[in-house]
Amino acid sequence: MRIAVIGTGGVGGAFGAALAQAGGDVTFVARGAHLAAMRENGLRIEGDRGTTVVAPCQATDDPASIGPVDIVLFCVKLWDVESAGEAIRPLIGPETAVIPVQNGIDAADRLVPILGEHAVMAGTVAISATIAAPGVIRQTGTFMSMTFGERDGRTTPRGERFLALCKQAGFAATLSPAIETAIWMKFIMLTAMSGSTALARLPIGRLRDDPDSLWMVEQIMRETDAVGRARGVALPPDAVDKLLAGIRNNPASMMASMAVDLLRGNRLELPWLAGKVVALGRELRVPTPVNATVFAALKPHVEGASG
């Protein structure tokens, strides 16, 4: 199965490496020092799940050089969706599936006008991973899962083939007939994790052990949950309780990628996380005061240290 990984950061690097180890014909799209290190030394994944090295590593900064593929694992940052979508047009064949696994809730919707309805599936992942050094991805914790599906809920041969490869790759994988629900469950959790760990500049363990900080995490979740329900998303009645239980089981050292970006002086995905909750809340007349506070407090850092 030919796979192109667009954006070889923590998510794309870790999942792409696992798929390559399972026999997938994987090409990684990256740039700069990260790309140079991958070409010279391969791609190294290290952390609590052990160490994986993909060497030699097929890597390029030009998606057009790859040619049509079966699966595009679309992992760029949310501000790059449209530009990266245009760049991957040469990868799209009649049955190519583009699976965006970004944070947020609207990446697939933004890709459809560029690539067409048939090409775009939808997906979400659970993993804590980041670039530790050029060519090196570090994972925190052992959890690693991917949920994906056709946007209309159909089960298709391309989805089933990719599911089989994911299972061979050794991470949890689900081909979902209700992918919108899965994406919103991730969105509720991530909005809380990203907002709270970035605002506090602390890992989740320090926050969940303090009643006042945990209250903030829970309120972000409950506001986001209320917005999703007002929008008509089929969320389980105990969604927030389930997600809070999951946060209690996360590694104490875990920080959301947005918090890591903040500490590194990088650009933030805030407008598509807390900012999206606030915007939808206004549109749907659902109060979101805690998300609004997180958004206002972090907004001066959205463009990073150079912004």
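Observations, loosely collected:
- In this label model, His118 and Ser83 are separated by 3.0 nm, measuring between points 7 Å along each Cα→Cβ vector.
- Point-charge dipole on Cβ atoms (K/R +1, D/E -1) for the chain, about Cα centre, debye to 20: 300
- Kirkwood Rh in Å, taken over all unlike Cα pairs in region 119-244: 16.3
- In nm, spacing of pseudo-spin labels at Ala133 and Asp241 (7 Å Cα→C-beta vector): 4.7
- Taking other Cβ atoms within 10 Å as a rough exposure proxy, Asp106, Asp241 sort from fewest to most as Asp241, Asp106.
- Global form of region 198-307, assessed from the alpha-carbon gyration tensor, a/c cut-off 1.5: oblate
- Label sites at Arg285 and Ala164, each approximated as a point 7 angstrom past Cα along Cα to Cβ, lie 5.2 nm apart.
- Estimated 222 nm signal from helices in the chain, with DSSP H stretches of n ≥ 4 weighted -39500 (n - 2.57), rounded to 500: -13500 deg cm²/dmol
- Most mobile of Thr96, Thr124, Thr293 in a GNM of the chain (Cα contacts under 10 Å): Thr293
- Cβ-derived FRET efficiency at R0 22 Å, Ala178 paired with Glu95, nearest 0.05: 0.45
- Region 101-177: C-alpha pair distances exceeding 17 Å, %: 55
- Shape of region 57-199, Cα gyration tensor, a/c cut at 1.5: rounded
- The phi-based Karplus calculation (6.51 cos²θ - 1.76 cosθ + 1.60; θ = phi - 60°) puts the 3J(HN,Hα) values of region 127-140 at 6, 10, 8, 8, 6, 8, 6, x, x, 10, 10, 10, 9, 10 Hz, whole numbers, x for Gly and Pro.
- Taking Lys and Arg as +1 and Asp and Glu as -1, the other residues whose beta-carbon sits under 9 Å from that of Ile114 total 0.
- The simple Förster model, with R0 at 45 Å and r as the Cβ-Cβ distance, assigns Asp212 and Arg110 a FRET efficiency of 0.75.
- Pairs over the 24 Å Cα-Cα cut-off, from the set Lys77/Lys276; Lys186/Lys299; Lys242/Lys299; Lys77/Lys242: Lys242/Lys299; Lys77/Lys242.
We did not get these values from a lab; they are worked out from the coordinates using the rules stated. Computed from a predicted model, the values in this text were never measured in an experiment. Reconstructed Cβ throughout: ideal geometry from the backbone, glycine too, with neighbour counts over all protein chains shown.
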